[in-house]
Amino acid sequence: MPLHRVIYVSDAVGAAGTSLLAIAEILGVSERNNRRDHLTGVLLGHNGRFLQAIEGARTDVDRLMDRLRRDPRHVNLRLLSDQPIAARMFGHWAMGHATAAPAMLALLNDEDLSAISPAKAEAVLAAAARRLSEPA
């Protein structure tokens, strides 16, 4: 089955963008649902915004995007990239989570996530994937 990747940015609402407990709850539910739906991806939270990549079969990705567009924990969802892919970049994580580490902040170069380009978003998320792969 062909694979697809979607990358989007959105503005967190309330505690969803600042509370570790709220983010942990989002990640727990997302990981369970993504395993069920054979989706993989990573979520980066930074300065009250989310940057997320989701990978999987087109129908599964579309179904999740429909749910995300209705999710009250974020607003102003902006699609940065929506394309077929040859292989998963985030295949090890049903829902990986990364905080903005120095390497990712250097890539952002003080750029606000709301204005990030698709190419830069992919580079930042690739850095997140590398960071998640590093031994603890």
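The values are calculated or read from the model by the stated rules, or taken from the named source; none is laboratory data. On a predicted model such as this, the values are computed, not experimentally measured, just so you know. All Cβ positions, even for glycine, are placed from backbone atoms using ideal geometry, and neighbour counts span all protein chains on display.
Residue by residue through the range 21-40, note down the ones that are outside any helix (DSSP H, G or I) and at negative phi. Within the range 21-40, L39, T40 meet the criteria. Taking the range 41-61 as the range and being surrounded by fewer than 14 Cβ atoms within 10 Å (Cβ to Cβ) and in a helix (DSSP H, G or I) as the test, only T59 passes. Selection over the range 21-65 of residues that are among the β-branched types (V, I, T) and modelled with pLDDT under 85 gives a count of 3.
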